[in-house]
Amino acid sequence: MSSRPERALDRPTSESGPPSPSIVARPDADFRSAFGVHLSVIAVGFTPSVASTTGIAGMDRLYPLTLAVFSVVAVLGWYAIGRWRGVPERLGSTAARYGFAAVPVGCFAALVVGAPVFHTPSSGVGGALFGGTGSFFTGLLLAMMARSRYVAAICDDREPLAAWRAKTAPRARRRHSVVGGLGFALGVTLAIVGSFFDHPIVGAGGNLLVGTSAATVGAIVRDDTFRAHAFGLEIVPPIGRRFLPWDRIVGYRLTDDELRLERRWRPAYRCDRTEIEDVDAVVAALQRVL
């Protein structure tokens with residue numbers, strides 16, 4: 001089939017955006033557990049600094065205190081978040097979910113940078129580094145869990161217009177492998193050079209490039225499920241769920257080997273056409289909403 005030109009957005013007003021989740025249930029056990037662990041990591045990160053100001057010093061005291069703080073805060077966090085109905089879904093609908101990671105990381109970064117001013121002991125700096133790193137990952141996990149629950153709240157009770165397997169198209173896989181491979185090699189080289197010649201900025205740039213290249217290579221093995229709804233596109237990867245309103249997709253293009261969903265300011269989703277069972281149904285759904 002010949003290439004189909006991109007179509008401009010032209011939807012009825014009633015389908016211009018996702019519905020609001022009407023959630024009254026309490027957070028599930030998995031989210032509550034993750035939230036409790038997240039708060040515990042934050043509390044443990046501040047424990048050495050607080051302990052030093054109260055005269056508690058030495059690993060013989062600090063270690064059991066840290067374990068006690070972790071356990072108590074985890075239980076309190078698990079219980080507290082469970083009292084707020086619909087919190088994951090409401091947070092998952094906005095960028096505020098990333099506050100789980102951004103707020104504690106900012107606080108710990110200020111503690112580390114301001115160590116000379118605040119006279120933070122070495123144990124306090126170590127705790128802040130642990131807390132900042134740990135809360136970053138647990139915060140991102142919470143953000144992903146909140147987003148997945150929001151998507152479930154607005155999509156699970158609605159039949160999609162069409163669904164298809166969105167595996168990366170062969171041509172895109174080859175491009176990602178070349179770009180990602182070259183970027184990874186350059187990043188490793190910069191990281192080694194920066195470490196060997198004591199240039200931390202070069203080394204940090206290399207590490208950043210390695211991470212970015214790894215994400216690019218990861219697109220090679222992308223194997224998601226796309227579900228087109230009247231109000232947006234549901235994306236179901238192996239882990240987590242995402243949702244894009246149609247106003248973030250400017251159109252589509254169908255060629256002999258791929259279905260391409262074009263996005264504003266971001267790379268297109270390029271789906272292997274041979275993996276789509278019913279191309280006509282998918283095209284009909286896209287024509288309705290795009």
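The values are calculated or read from the model by the stated rules, or taken from the named source; none is laboratory data. Predicted model, so just to flag it, every value in this text is computed and none were measured. Methodologically, a virtual Cβ is constructed for each residue, glycine included, from the backbone with ideal geometry; neighbour enumeration extends over all protein chains shown. Just so you know, the surface numbers come from the protein's heavy atoms only, side chains and all, with ligands and any DNA or RNA stripped out. Shrake-Rupley method; radii C 1.70, N 1.55, O 1.52, S 1.80 Å.
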On a 0 to 90 degree scale, rounded to 10, what angle separates helix 170-196 from the longest Cα axis of the chain?
-> 20 degrees
Answer in debye to the nearest 20: the dipole magnitude of the chain about its Cα centre, from +1 Lys/Arg and -1 Asp/Glu charges placed on Cβ, is 320 debye
Rounded to the nearest 10 degrees, what's the angle between the helix 279-289 long axis and the longest principal axis of the chain, both from Cα atoms, 0 to 90?
-> 70 degrees
When all C-alpha to C-alpha distances in the chain are sorted into bins of 5 Å, what percent of pairs does each bin hold, rounded to whole numbers?
-> 1, 5, 9, 11, 12, 12, 12, 12, 9, 7, 4, 3, 1, 1, 0, 0
Computed over the range 29-156, protein heavy atoms only, probe 1.4 angstrom, the accessible area per residue in square angstrom equals 51 Å²
Take the solvent-accessible surface of the protein heavy atoms, probe 1.4 Å, and return the percent of it on the range 162-288 that carbon and sulfur atoms account for.
-> 60 percent
Put E159, E277 in order of accessible area, largest first, 1.4 Å probe: what do you get?
-> E277, E159
Full-extension gain in nm, F118 to V179, via 0.36 nm per residue minus C-alpha separation = 17.5 nm
Compute the Rg to Rh ratio over the range 29-156 from the alpha carbon atoms, using the Kirkwood formula for Rh, and round to two decimal places.
-> 1.05
Given charges at beta-carbon only (K, R positive; D, E negative), |dipole| of the range 29-156 in Debye | 280 debye
Once the whole set of protein chains is in place, how much accessible area is left on Y63, using a 1.4 Å probe, in Å² to the nearest 10?
-> 140 Å²
Can you give the angle from 0 to 90° between the axis of helix 29-53 and the longest principal axis of the chain, with both taken from C-alpha atoms, to the nearest 10?
-> 30 degrees
Given labels modelled 7 Å from the Cα in the Cβ direction, how far is it in nm from V125 to F196?
-> 2.9 nm
Taking the Cα-to-Cβ direction at D223 and at Y79 and moving 7 Å from each Cα, how far apart do the two end points lie in nm?
-> 4.5 nm
How high is the FRET efficiency from A96 to D247, r the C-beta distance, R0 22 Å, rounded to 0.05?
-> 0.65
Report the full-extension gain for the segment D257 to T54: residue separation times 0.36 nm, less the Cα-Cα distance, to one decimal in nm.
-> 66.4 nm
Accessible area expressed per residue, the range 162-288, with surrounding protein chains retained (probe 1.4 Å, Å²) | 53 Å²
When the solvent-accessible surface of protein heavy atoms is calculated with a 1.4 angstrom probe, in what order do F196, F231 fall, highest first?
-> F196, F231
Expected unfolding gain across T212-L186 under the 0.36 nm per residue rule, minus the alpha-carbon gap, is 8.2 nm
J(HN,Hα) series, the range 234-246, from Karplus relation 6.51 cos²θ - 1.76 cosθ + 1.60, nearest Hz, glycine and proline x = 8, 10, 10, x, x, 10, x, 9, 10, 8, 10, x, 5
Residues with amide H under 5 Å from that of V250, placed H, sequence gap 5 or more = E262, R263, R264
